[in-house]
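A.B. asks: Pasting a structure below so you can have a look.
The values are calculated or read from the model by the stated rules, or taken from the named source; none is laboratory data. Worth saying up front: this structure is predicted, and the values here are computed from it rather than measured. We place every Cβ from the backbone using ideal geometry, glycine too, and count neighbours over all the protein chains shown. Note: accessible area is taken over every heavy atom of the protein model, side chains too, but ligands, DNA and RNA are not part of it. Shrake-Rupley method; radii C 1.70, N 1.55, O 1.52, S 1.80 Å.
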Amino acid sequence: MKNLLVITVAFLCLKSYAQKQPFPANAVFANGLMPTNKNSQDAKNNYDIWRANFVEACSNGRYRVKFDNSWETVSEGIGYGMLLSVYMADKTLFDGLWLYYKDNVNGNKVMNWKINGCSGTIGQNGATDAELDAALALIVADYQWGSTGNINYKSDATALISAIKNYEIEANTFVLKPGDQFGGSQITNPSYFSPAYYRVFGVFTNDPVFWNQVAAKSYTIINNNLIQNNAVGGLVSDWCEASGAYSSQAGGYNNGGKTYSYDAARTPWRIAVEEMSMRRLIQKNHLILFA
């Protein structure tokens, strides 16, 4: 699910329901550039195509996102779907995806990474990039709809961020682990690093010191990776050690995790979210996010 309409997130704003930011927002910011030929209808059309082709309804209001094998769902797909649906203010789908996520968590309260259709675990334990995307989406949902309805987005976001901190950040190093049950300094994935999210988590949970250190470590690892691998064109590898060197534990991945492939292709997107796409405005303790 690495390439499932990820870029669409950057173009989606908020719409309908009793939300705080109607669609299309067309917000103007002091910094950055806006395309002169932007078309909000294009964003909506692509969202509708994605929803029609990749989303399936389960029972009890649950929804899943189809994986490469359409009968499977991975947690990353749920995270992407939550980001897409919250920025389109598709509350029905957003709630259904989050309920599906919660139906399939392990003992650490993170979603088992691969599920057989609407139920039945195929791949156990968490994939950290999914947790990060889901946590940010919950924060946006809390801002957008509030947390007084059937789902308390604020408390769920806080709980998920706590699980990420406790189980998916290596103790004492601030290295992002690729899952709750493996990884750390000996093997990590730069394309999972989401420094913009970390800064949001820090404000949202009143824990900025910790999360700013995780963000700083992410950039250190990326820079180490570029130096160690003598990267051409600033291309990071899919997997590496915290030192930046290729990881001996990545043998099961494409070319031992040494290439700029489907994983690494997400790294510029995640960095750009911090540098350009994410706009954070703190007013009276409300965290406002725009794509």
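A.B. asks: For Glu72, what accessible area in Å² do you get when you roll a 1.4 Å probe over the heavy atoms of the protein chains, rounding to the nearest 10?
C.D. replies: 20 Å²
A.B. asks: Compare the peptides 83-91, 266-274 by average per-residue count of other Cβ atoms within 10 angstrom and give them in order, highest first.
C.D. replies: My ranking of the peptides, most packed first, is 83-91, 266-274.
A.B. asks: What Kirkwood Rh does region 123-170 have if only Cα atoms enter the pairwise 1/r average? Answer in Å.
C.D. replies: 11.2 Å
A.B. asks: Shape verdict for region 96-184, please, from the Cα gyration tensor: rounded (a/c under 1.5), prolate (a/b greater than b/c) or oblate. Write out the running numbers ahead of the final one.
C.D. replies: Working: a/c = 2.47, a/b = 1.22, b/c = 2.03.
Oblate is the answer for region 96-184, as a/c is 1.5 or above yet b/c matches or exceeds a/b.
A.B. asks: For the residue pair Thr173 and Ser40, what label-to-label distance in nm results when each label sits 7 Å from Cα along the Cα-to-beta-carbon direction?
C.D. replies: It is 4.6 nm.
A.B. asks: Separate question: Leaving ligands and nucleic acids out of the surface, order Leu235, Leu226 by accessible area at 1.4 Å, largest first. Working shown, then result.
C.D. replies: Working: Leu235 80, Leu226 50 Å².
I get Leu235, Leu226, largest accessible area first.
A.B. asks: According to the Cα gyration tensor, what semi-axes, each the square root of 5 times an eigenvalue, does the equivalent ellipsoid of region 142-217 have, listed from largest to smallest in whole Å?
C.D. replies: 25, 13, 10
A.B. asks: I would also like to ask the following. So how much accessible area does Tyr253 have, in Å² to the nearest 10, using a 1.4 Å probe?
C.D. replies: 90 Å²
A.B. asks: If you don't mind, another one. Please give the FRET efficiency for Ala245 paired with Ala265, using the beta carbon to beta carbon distance and R0 = 30 Å, rounded to the nearest 0.05.
C.D. replies: That pair, Ala245 with Ala265, gives E of 0.90.
A.B. asks: Now for a separate question. For Ser261, which sequence-distant residues (separation of 5 or more, or a different chain) have an amide H within less than 5 Å of its own amide H, given hydrogens modelled in the peptide plane?
C.D. replies: The list, which skips near neighbours in sequence, is Asp238.
A.B. asks: Whose amide H sits under 5 Å from the amide H of Glu72, counting only residues 5 or more places off or on another chain, with H placed in the peptide plane?
C.D. replies: Amide H to amide H, under 5 Å and 5 or more residues apart or across chains, Glu72 pairs with Phe67, Gly117.
A.B. asks: Could you state how much accessible area Glu275 has, in square angstrom rounded to the nearest 10, with a 1.4 Å probe and all protein chains kept in place?
C.D. replies: In the full protein context, Glu275 sits at about 120 Å².
A.B. asks: Mind pulling the per residue volume of the convex hull built on the Cα atoms of region 65-132? Å³ is fine.
C.D. replies: Given the Cα convex hull of region 65-132, per-residue volume reads 77 Å³.
A.B. asks: What Kirkwood hydrodynamic radius, in Å, does region 36-165 give when the mean of 1/r is taken over all pairs of distinct Cα atoms and then inverted?
C.D. replies: Averaging 1/r across every pair of different Cα atoms and inverting gives 14.8 Å.
A.B. asks: Can you run phi through the Karplus equation (6.51, -1.76, 1.60; θ = phi - 60°) for region 213-228 and list ³J(HN,Hα) in whole Hz, with x for Gly and Pro?
C.D. replies: Going residue by residue, I get 6, 5, 4, 4, 5, 4, 5, 4, 5, 4, 5, 4, 4, 5, 6, 4 Hz, with x marking Gly and Pro.
A.B. asks: Quick query: amide H of Ile122 versus all other amide H atoms, modeled in the peptide plane; which residues come in under 5 Å with a sequence gap of 5 or more or a different chain?
C.D. replies: Lys114, Ile115, Asn116
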